[in-house]
Amino acid sequence: MTRSLTATRPALAATLALAGLAAALVLLAPSARAAAGTVTWLSPTPTNHTSFTATVGKELSFTLAAAASTPAAVVHISAVGSLPVGAGVDWTDGASAQSVFHWAPTKAGDYTVRFAASDGLGATASTLTYVIHVKAGAFQSRSYKLSDDRIARWTVVLKRAVVRAAPNAQAHVVTVLPTTTTDDTQNDVLVLDGIDVSKHQTWYHVRLPILPNNSTGWVLKGYLGSLYTVHTHLYVDRASTTLTLKKDGATVFKTRVGVGKPYWPTPAGEFYIRDKLTSFGNPFYGPIAFGTSARSAVLTDWPGGGYVGVHGTNEPGLIPGHISHGCIRLHNAAILRLAQLMPVGTPLTVS
């Protein structure tokens, strides 16, 4: 009996060891199966080597989808290498994953994009390669603002320019701009807006130094020079006989002035500073005078076609008040200070 028991115990131990090994193999079996899983591309994924045609400025998009054969796997679809500038991909990971490629090209040409899908457990789908041919799009007209209360643009008239009521060559002619002013200075205009009607044709919407006051019109860019920027804006309040200069919207100078008499009024509206004159032989105008685009419809003491000036005076005792034929008069010290702060091209608002 004792020998039999002794003989049985080693056999039982061997049996239990084999059972444990079998159990371990059973536990390892799911992992082995997961590692051997697959990732498959699904509809609506475009087939490999599909070619797309896109247009500059218009968005192209397509969707890729993939799934794993292992239920617990998480599939991720990613770009292989870099995407074109401006392109993006929106990802959704999961047992079934989806990615949306989107791109609005800015330059014509041929581009290649590649995508891969993996489940994080070692299984991957074959890499997909797509070619995108981007063609130049039809030109779209573009309009833009160039002047406001804080920043304004102005330019000189390079060639005798026809001004039209609309930005096209068949529109009604408003006036013709010469290259010089009646003060024998370079003629200039305040540029309000711009519009690119084609790749090779731009029109500028400009404020005009003509009657009726506040007139505007459109001039082809080729007749005008480069745009210059000013950050100043001059305001004249006739009721309070006050002149205020602002820079980037903040007041930098303020003084009392003389303006037109009721029967020779300083015209109200939106204008601009056209030129700057110095060294007058007549002390009536003070040391410095600015010509504006405003014109008196009645009478003015500013020579050369009734243009309103901003200038000094030899009669400082009359300021402030409604004293002139339409011009805006300052004390000589004030006009000198203004000349240091205000460049030509500055918009002028008279209220």
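The values are calculated or read from the model by the stated rules, or taken from the named source; none is laboratory data. Keep in mind that this is a model prediction, so the values were computed, not measured. Here Cβ is always computed from backbone atoms with ideal geometry, including for glycine, and neighbour counts include all displayed protein chains.
Tally the residues that are without any contact (Cβ under 8 Å) to a residue 24 or more places away in the chain and among the hydrophobic types (A, V, I, L, M, F, W, C), restricting the search to segment 91-126.
Matching residues across segment 91-126 total 1.
How about segment 127-143: which of its residues are over 25 Å from His76 (Cβ atoms) and either touching a residue at least 24 places away in the same chain (Cβ under 8 Å) or touching a Cys at 6+ places or on another chain (Cβ under 7 Å) (or both)?
His133, Val134, Lys135, Ala136, Gly137, Phe139, Gln140, Ser141, Arg142, Ser143 - these are the residues of segment 127-143 that are over 25 Å from His76 (Cβ atoms) and either touching a residue at least 24 places away in the same chain (Cβ under 8 Å) or touching a Cys at 6+ places or on another chain (Cβ under 7 Å) (or both).
Condition test on Thr278, is it of a type in the set (Ser, Thr, Tyr) and in contact (Cβ under 8 Å) with a residue 40 or more places away in the chain?
For Thr278, the condition - of a type in the set (Ser, Thr, Tyr) and in contact (Cβ under 8 Å) with a residue 40 or more places away in the chain - is not met.
Phe115 passes all but one of (1) under 30 Å from Ala67 (Cα atoms); (2) touching an Asp or Glu at 6+ places or on another chain (Cβ under 7 Å); which number fails?
All conditions are met except number (2).
Scan Val236, Val163 and give me the residue that is more than 24 Å from the chain's Cα centre (by Cα), assigned by TED's automatic domain parsing to the domain that holds Leu330 and closer than 30 Å to Ala297 by Cβ.
When all the criteria are applied, what remains is Val236.
Can you run down the residue pairs with Cβ atoms below 8 Å, 6 or more apart or on separate chains, where the first is in segment 205-232 and under 19 Å from Ser296 (Cβ atoms) and of a type outside the set (D, E, K, R) and the partner is surrounded by fewer than 16 Cβ atoms within 10 Å (Cβ to Cβ) and at pLDDT below 95?
Leu211/Ala297; Pro212/Ala297; Asn213/Ala297
Mind counting the residues in segment 58-103 that are surrounded by fewer than 18 Cβ atoms within 10 Å (Cβ to Cβ), closer than 21 Å to Gly122 by Cβ and of a type in the set (Val, Ile, Thr)?
Going through segment 58-103 one residue at a time, the tally reaches 2.
Can you confirm whether segment 171-189 contains a residue that is among the aliphatic types (A, V, I, L, M) and touching a Gly at 6+ places or on another chain (Cβ under 6 Å)?
Yes: one or more hits.
With the requirement that a residue be β-branched (Val, Ile, Thr) and farther than 13 Å from Ser61 by Cβ, what does segment 84-101 give you?
Across segment 84-101, the qualifying residues are Val85, Thr92.
Is it fair to say Ile323 is buried (at least 18 other Cβ atoms within 10 Å of the Cβ), touching a residue at least 24 places away in the same chain (Cβ under 8 Å) and over 37 Å from the mean Cα position of the chain (by Cα)?
Spelling it out, Ile323 is indeed buried (at least 18 other Cβ atoms within 10 Å of the Cβ), touching a residue at least 24 places away in the same chain (Cβ under 8 Å) and over 37 Å from the mean Cα position of the chain (by Cα).
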